[in-house]
Amino acid sequence: MPSCAFYPLWPLAIRWFSVLTGGSHLAAGLVLANALSLTGWILFYQNVARRFGEPIALCSLVLMVAFPGSLFYQFIYSEPLFLLLLMLLWFALERGSYRMAWAAAFLLPLTRGIGVFCVLPIGWHWLMRRPWGWLDRWHWLNEERKRSTGGIQKERLSCMISRPGPPNADQGERMSNNSLTSCLSLSEGAAMPKAHQWEGWKGLALVLAPPLGFILYFCLMWLWTGNPFEGLEAQKYWRVHSISNLWNVPKFVTGFFSPEDWHQFRGSVLDRCSFLVLVYSLPLIWRLGKDMVVWTYVLGVLPAMSGTFVSFTRFESIAFPMFIALAMFFVGIKRKWPLVAFLALSASLHAVLVWRFVNFRWAG
């Protein structure tokens, strides 16, 4: 059955919410899509502002909203729900909220198949938090560990220093000095306390969350259809995405140099141009942080390879590190006209794709 090709969480959310819309799945889907995408954008702004600053956050958000593929955030597609869960996962990883991170990581594979590959950035996050000495042999990796744990250590330092002191002044001074020494020892790479080591075991459990969510997907398909692989078999109906494409590099390269039309189901020039924007942003993404590179591989490179660029402009709207890197570039050059020109081009293509979509033409 072709409808089994779609992952279940988004259709189930529409069905559950339709109770509030008089049973109308159309109204429920449109309301949910816009509400979830708005919430996802707010979380995206907050995450970027906390790590890179508000000017970068504002520019990143504007670039994401104006991007041509972002038109699907307002319609009944899985992008709104996937973006929200993705931002919750990133939010939770950056702040060490493992329960939220586990829930988001578990639900992502139930929203889109690519969600199971979020195990890679989660694994990277866990690797950076572990006190493994063998990682020190690579200088850039050691620097990344210090950067990734720096935010948590700064918050601990601020919390300890700002803690109200006891009535006894001498005792309060000793506690403050002890707290400061403890924080500084953490920042200098001293042995982590047991509580922080326990986060490593939480991280291991978090790594298992996406595979467990994918296993639940197979269980649900088995329960509903009698065949756990019905969803994967149904995807053959579209004859596009295949996991075997991920290691078929010659097919990927040949497909890139085989455009057929400016924007159609196959051979889209727009999809390939969108991929070029991602490629040119990679050096900036590398400087943002190596975790951003892993996120880009999962959210940008894998969708391009699995479907040989089919619908890539839509899938790329989720690749949030690209928008942060572009914002870094445009804010850093101190001239407004390149940003204005890029936004004008993005918004124009966005409007064209909306026109094509509402007129039942291929948009992505």
Legend entry - Filtered residues of the stretch 330-349 (kept if surrounded by fewer than 18 Cβ atoms within 10 Å (Cβ to Cβ), within 17 Å of Val277 (Cα to Cα) and not aliphatic (A, V, I, L, M)): Pro338, Phe342, Ser348
Inset, instruction - Return the pairs, sorted by first residue and then second, in which the second residue is of a type outside the set (Phe, Trp, Tyr) and in a helix (DSSP H, G or I), the first residue lies in the stretch 339-364 and is closer than 15 Å to Phe323 by Cα, the beta carbons are less than 7 Å apart, and the residues are 6+ apart or on different chains. - result: Leu343/Val62; Leu343/Ala66; Ser346/Ala66; Ser346/Pro68; Ala347/Ala66
Inset, instruction - Kindly check whether there is at least one residue in the stretch 49-60 that is over 27 Å from Cys273 (Cα atoms) and of a type in the set (A, V, I, L, M). - result: yes
Legend entry - Out of Ile76, Ile114, sole residue that is modelled with pLDDT under 95 and touching a Pro at 6+ places or on another chain (Cβ under 7 Å): Ile114
Inset, instruction - Tell me, please, whether a residue that is open to solvent by 60 Å² or more (accessible area, probe 1.4 Å) and among the basic types (Lys, Arg) can be found in the stretch 107-130. - result: no
Legend entry - Lone unmet requirement of (1) closer than 22 Å to Val48 by Cα; (2) assigned to a helix (DSSP H, G or I); (3) more than 21 Å from the chain's Cα centre (by Cα) for Ser348: (1)
Legend entry - Single residue of Ala57, Ala66, Ala28 found to be in contact with a His (Cβ under 8 Å, 6 or more places away or on another chain) and either of a type in the set (A, V, I, L, M, F, W, C) or within 11 Å of Ile324 (Cβ to Cβ) (or both): Ala66
Inset, instruction - Considering every residue within the stretch 278-300, establish whether at least one is aliphatic (A, V, I, L, M), free of Cβ contacts under 8 Å to residues at least 12 places away in the same chain and either in a helix (DSSP H, G or I) or under 24 Å from Val240 (Cβ atoms) (or both). - result: yes
Inset, instruction - Quickly run through the stretch 21-78 and pick out the residues that are without any contact (Cβ under 8 Å) to a residue 12 or more places away in the chain, open to solvent by 60 Å² or more (accessible area, probe 1.4 Å) and either touching a strand residue (DSSP E or B) at 6+ places or on another chain (Cβ under 6 Å) or within 26 Å of Trp362 (Cβ to Cβ) (or both). - result: His25
Inset, instruction - Output the number of the condition that Ala327 fails; it satisfies all remaining conditions of (1) in contact (Cβ under 8 Å) with a residue 60 or more places away in the chain; (2) open to solvent by 10 Å² or more (accessible area, probe 1.4 Å); (3) within 30 Å of Phe52 (Cα to Cα). - result: (2)
Inset, instruction - Could you tell me whether the stretch 307-320 includes any residue that is open to solvent by 30 Å² or more (accessible area, probe 1.4 Å) and of a type in the set (Asp, Glu)? - result: no
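The values are calculated or read from the model by the stated rules, or taken from the named source; none is laboratory data. Computed from a prediction, not measured in an experiment: that's the story for all the values here. Please note: Cβ atoms are built from the backbone with ideal geometry, for glycine as well, and neighbour counts cover all protein chains shown. Remember, those area values only see protein heavy atoms, side chains included, never the ligands or the DNA or RNA. Shrake-Rupley method; radii C 1.70, N 1.55, O 1.52, S 1.80 Å.
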